[in-house]
Structure formats: C-alpha cells, structure tokens
Amino acid sequence: MEPIRISHFSDVLCVWAYIAQVRIEQLQKTFQDQIALEYHFIPIFGNAIEKLEAKWCDRGGLAGYGQHVQEVAARFDHVTIHPDVWIKDPPISSMAGNIFLYAVKLLDAQGKLTATPQAFERTILAFREAFFTQGRNIAHRQVQLDIADQLGLPTDQILAQIANGAAYAELFKDSEQVKQHAVTVSPTLIFNEGRQRLNGNVGYRVIEANIRELLNNPEDEHSWC
C-alpha cells in the first residue's frame, strides 16, 4: 500500500509550528512507512518586523509580540522560549532561512546528505530551536552556516545550491503550492490530494484520527463517518 502523503506547510518563525513539531515526530513514530511527509514553507513572516510592528502597534510592538509568544509557549511543557525572542536582534524575514533550507532539501533529495539521516527534517528543527530556544537570528547567513556545521552538513554545497538559483526555484514551486491550496495558516496539514486539511494548533489525536480514517478507507471508497 502506498503511504499517505501529507503536505506540511509552515513558517520556520511560527511558534505554533514549533509547538506542533512534537506531534509530527510522534506521527512518524506511530505510522512510520505508512505516511510520507512533504515539507513546504509559507512566508507568514516574510516581512516580519514591519508586519508585527504594524499589527501590534497598540500592544507594545515587537516587545508585545515577544511577550505573546512567551505566553503561548508557557501553556506547553515541551517547548522553551528564549527571553529575547522577537526583542533583541529579531529576524527581518523568514525567507532568508527558507532559502537555506530549500538548498538543504535539494541536496537531501539528491542523496548527497546520507551521512546525516533525515538531514532536511533535522535542519528545520535545528533552525527552530536556534531561534526559539537559543534566541539566535536565523536570518543571518553565519547563523545558518553554524547550524549546518553543527549537523555535519556540507556548507559549500548548500551555498552552491543558493548561488546557482536552484534553491530559489524550490521557493517558487512552494509559492505555487501555497496558491494552489490557498494556504494562509502555519502550520497547515493537507491530506488526500487536497481534499482534507487541518489548520493551526490541532491536537495530536485529531491528526491521528484523520490518518487512520484514510488508512482504513481506500481512495476508491467513500467514508460516511
């Protein structure tokens, strides 16, 4: 049986995607080869500082949003947020990190990162931990290179994928996916060739139930549950 393909859309600077990471990891442990996750990026924080300053202008600006992130994360025991997140040296855009991640994705798909199992997924998680837990500005290229070095990734090959335009082509393809599926929320999970979706902070049991429903009802059968 072919694995159920799940398209996972998120912004690497989204606290809800960071919180939901543990649910994704549990899904992979529970279902293993029964599911196949495909990661895509949506630029919720493509113009982060200007957007947040405008949206939170009456609630403390970036500092107010940083406090909001702290309050959100305080409801979940499995995540830790650095006190300087969104306050000191905030990233201007998630797109800078996305481009680097697209380059890692390409190399991983080409089989060039076999020394680092699940290299692409591990890099996404490392970026999120660097920002939310360590308070580092992951829009800075040097921070990105430091993370890659820590994971044992070939930084020269990653930079080559950016320099030759391949990573930008991946960005464009993802932007087309975002438009096709009208994705506006991070994180968003899309199943069943776009016929099912789960937006935002959705509990693990709800996600699991959707997967089990698809596993128990082949595509050529209709479920009335």
For region 52-61, which residues satisfy the criterion of being surrounded by 17 or more Cβ atoms within 10 Å (Cβ to Cβ) and within 23 Å of the chain's Cα centre (by Cα)? Leu52
Among helices (runs of 4 or more DSSP H) entirely within region 1-74, at least 2 residues that are closer than 30 Å to Asn210 by Cα and of a type in the set (Val, Ile, Thr) occur in 15-31, 61-73
Looking at (1) at pLDDT below 95; (2) closer than 22 Å to Gln110 by Cα, which is the one condition that is false for Asn201? (2)
Based on this model, can you work out whether Phe31 counts as at negative phi and in contact with a Ser or Thr (Cβ under 8 Å, 6 or more places away or on another chain)? no
Taking the stated definitions as given, is Glu71 touching a Leu at 6+ places or on another chain (Cβ under 7 Å), without any contact (Cβ under 8 Å) to a residue 40 or more places away in the chain and surrounded by fewer than 19 Cβ atoms within 10 Å (Cβ to Cβ)? no
So in region 92-114, with the set limited to residues that are in a loop (DSSP other than H, G, I, E, B) and surrounded by fewer than 22 Cβ atoms within 10 Å (Cβ to Cβ), which one is nearest to the chain's Cα centre (by Cα)? Ser93
For Arg136, are the conditions met, namely being in a loop (DSSP other than H, G, I, E, B), among the basic types (Lys, Arg) and either at pLDDT below 95 or more than 25 Å from Ala36 (Cβ to Cβ) (or both)? yes
Go through (1) surrounded by fewer than 19 Cβ atoms within 10 Å (Cβ to Cβ); (2) under 15 Å from Cys14 (Cα atoms); (3) over 17 Å from the mean Cα position of the chain (by Cα); (4) not β-branched (Val, Ile, Thr) for Tyr65 and report which single condition fails. (1)
What single numbered condition from (1) within 18 Å of Gln26 (Cβ to Cβ); (2) at pLDDT below 95; (3) outside any helix (DSSP H, G or I) fails to hold for Trp224? (1)
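The values are calculated or read from the model by the stated rules, or taken from the named source; none is laboratory data. Because the structure is predicted, anything quoted here is derived from the model rather than measured. Glycine gets a Cβ as well: all are built from the backbone with ideal geometry, and neighbour counts include every protein chain shown.
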